[in-house]
Amino acid sequence: MTSWTAATSRARRSRLIVAMLAALAVVVPTSVTAAPPFEQTTIQILDISDWHAQLDPSFGVGGAAALSAYFDQHRAANPNTLTITGGDDFGASPPISSFFDEVPGVLGERLMGIDVSTFGNHNFDKGVTHLQQMIDLAGSSDPSVVGDPFSYVSANLQNRDDELTGVEDFKIFELDGVKVAVIGITNPEAPTLVFPGNFGTIIPTDPVAAAMRAHKDARKAGADVFIAIGHLGITDSAAGTGPLTEFASQVSGFDVIFGDHTDVQFQAEINGALVIENRSKGQTYSLTELTVEKRPGKGNGRVVAAASEFRVPTASAVTPDAAVVEMLAPFRAALAPILGVVLGTADKVIPRADSCGRADGRLCESLIGNVVTDAMLAHFTDADFAITNAGGLRANLTCPLVDSLTDFCAPQADPTNIEITRGQTFEVLPFGNFAVTVDMSGAEFKSMLENAVSQIPAANGRFGQVGGVCFTYDSTAAAGSRVTSAVRNVGGACTADPVDLTAAASYTVAMNDFMAFGGDSYPSFALRQESDGTTLEAVLAEYLSASSPVSPDIEGRITCIGAACPAAP
């Protein structure tokens, strides 16, 4: 009896389990089939790098009016669009912006539809008080201010909120139900690239740690998609290496990382993120499309595909934005009688590019470097030598041979007799630095030359253009011990007269005050500099007026030896 009852009980349990499994077999597929499908949307991101308030086209490309027209076309095709830039959106700007405290540059960004930017070193060119004014102008909701407001974000600035208001670590935008976080990063070395004190008490911190903290906070705030905009660039374009890729390789959870700062076009996938840098000054912009999967009505976006391409905004291919043209007109009219003045002429093009073909003149001796340092020696007649950082030379000196309606030059008919206007000297030297002299020992002067070539083979703004001296350095020696010899340069030629680079000798050296205060990692002579109150631009203008026609040559002022020397084109 007991045995039969147990068997019967087991049979009943077996039948019950079979029935339950049968029921589950019906329920599970029905439940899966009934779940709503994922929806997809496409988010579009437009990005320009290192814009520097390039309001007018350069060699027929870019300019705010043309970029605005291109951006409007893209937004019409997809309204789910963010338009961003990664710092240095103003600073080291052409006169059309710099003459008016960068107001036209920021107004141009508003009209172009910029949504968010971060800070680069040049945003601090005029200090934190001026930067606050630009932040306020960018974010103004006053209906009398043209264009639409935009924001600044930077997550790695210690003491930021003590000096600036209206800046956050990140900003979240909602596009078609998807929340997109944009996190800003400022380049850590930025304070060394501007006039000492311009950052106030602000100190850039580790970009990776700051970005990951901001990412965590943005996720808590509901962000689905994560974008970083960093004033970080590619320094070796052939290898695709530099602060941008170093940053991308150490962070996680980002969908796109936009770089800036070094005028390199770059794209790669690193750590699951699309990493992008454009050419500077609007010479290219990137159009990035993110395919985002989301649950209907719930957000929960997830990027399932990303693609980007570079576009060249040829100005003549679009109708310029009339609002930008109208905004710039009064500024342009105010400048014409000042910057249209012809200072002198040259018998050849005097480019920013150096003798090694580097467009920004940061690897080798350049014609423009020779003219500017010669101008300093002509102004300070008691100076033995002159030196200026290549990062401070921002444009060609001579008027363009292909005429532009937006510059302050007349059409140039003779390539052996090219005009140089005041507008060109301000383009070359936009920072308002003063020319100064410093009395120093030969050993101190050697330390300046050492700093000038310390980053070779990498291009760097500290690279020094020199006057009154010719020096040789060994590219394979340790930085700080590279300069092997120096001789005087007299009358445009390197002589056999040696320059004593020891503590026993003493010289007077002309430079700009940025360098004298220790900018670009030069030794600081802040307490020993002397100035007559003349800006470096005025020194150059004075020289051109007195010495034209100018006819500079590459004279061997900077000679490199060793396997790591920059190569001539």
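The values are calculated or read from the model by the stated rules, or taken from the named source; none is laboratory data. No experiment lies behind these values; they were computed from the predicted model shown. Here Cβ is always computed from backbone atoms with ideal geometry, including for glycine, and neighbour counts include all displayed protein chains.
Below is a table of values for the structure above.
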item: Qualifying positions in segment 133-160 - farther than 22 Å from MET327 by Cα and free of Cβ contacts under 8 Å to residues at least 40 places away in the same chain; result: TYR152, SER154
item: Candidate set from segment 496-532 (those that are assigned to a loop (DSSP other than H, G, I, E, B), touching a Phe, Trp or Tyr at 6+ places or on another chain (Cβ under 7 Å) and modelled with pLDDT under 95); member that is surrounded by the most Cβ atoms within 10 Å (Cβ to Cβ); result: PHE517
item: Boolean, ILE172 is surrounded by 20 or more Cβ atoms within 10 Å (Cβ to Cβ), closer than 28 Å to GLY253 by Cβ, modelled with pLDDT of 95 or more and hydrophobic (A, V, I, L, M, F, W, C); result: no
item: Checking PHE99 against (1) in contact (Cβ under 8 Å) with a residue 40 or more places away in the chain; (2) farther than 21 Å from PHE195 by Cα; (3) surrounded by fewer than 23 Cβ atoms within 10 Å (Cβ to Cβ), the condition it does not meet; result: (2)
item: Qualifying residue in segment 282-300 (condition: hydrophobic (A, V, I, L, M, F, W, C), modelled with pLDDT of 95 or more and within 23 Å of the chain's Cα centre (by Cα)); result: yes
item: Restricting segment 488-531 to residues that are among the charged types (D, E, K, R) and touching a residue at least 12 places away in the same chain (Cβ under 8 Å), the residue that is nearest to MET448 (Cα to Cα); result: ASP520
item: Selection from segment 242-268 of residues that are closer than 23 Å to ALA155 by Cα and part of a strand (DSSP E or B); result: VAL256, ILE257, PHE258
item: Flag for ASP513 being of a type in the set (Asp, Glu), closer than 27 Å to ALA92 by Cβ and in contact with a Lys or Arg (Cβ under 9 Å, 6 or more places away or on another chain); result: no
item: GLU309 free of Cβ contacts under 8 Å to residues at least 12 places away in the same chain and farther than 30 Å from ALA221 by Cα; result: no
item: Yes/no for VAL438 being modelled with pLDDT of 95 or more, within 18 Å of THR534 (Cβ to Cβ) and crowded, with 19+ Cβ neighbours inside 10 Å; result: yes
item: Subset of segment 251-273 [of a type outside the set (A, V, I, L, M, F, W, C) and over 30 Å from ARG394 (Cα atoms)]; result: SER252, GLY253, ASP255, GLU269, ASN271, GLY272
item: Condition met for SER117 (in contact with a Phe, Trp or Tyr (Cβ under 6 Å, 6 or more places away or on another chain), modelled with pLDDT of 95 or more and within 22 Å of ASP47 (Cα to Cα)); result: yes
item: Residue in segment 463-491 that is farthest from THR241 (Cα to Cα), counting only those that are surrounded by fewer than 22 Cβ atoms within 10 Å (Cβ to Cβ) and in contact with a Ser or Thr (Cβ under 6 Å, 6 or more places away or on another chain); result: ARG488
item: Search result, residues across segment 478-495 that are of a type in the set (S, T, N, Q), under 38 Å from the mean Cα position of the chain (by Cα) and in a strand (DSSP E or B); result: THR484, SER485, ASN489
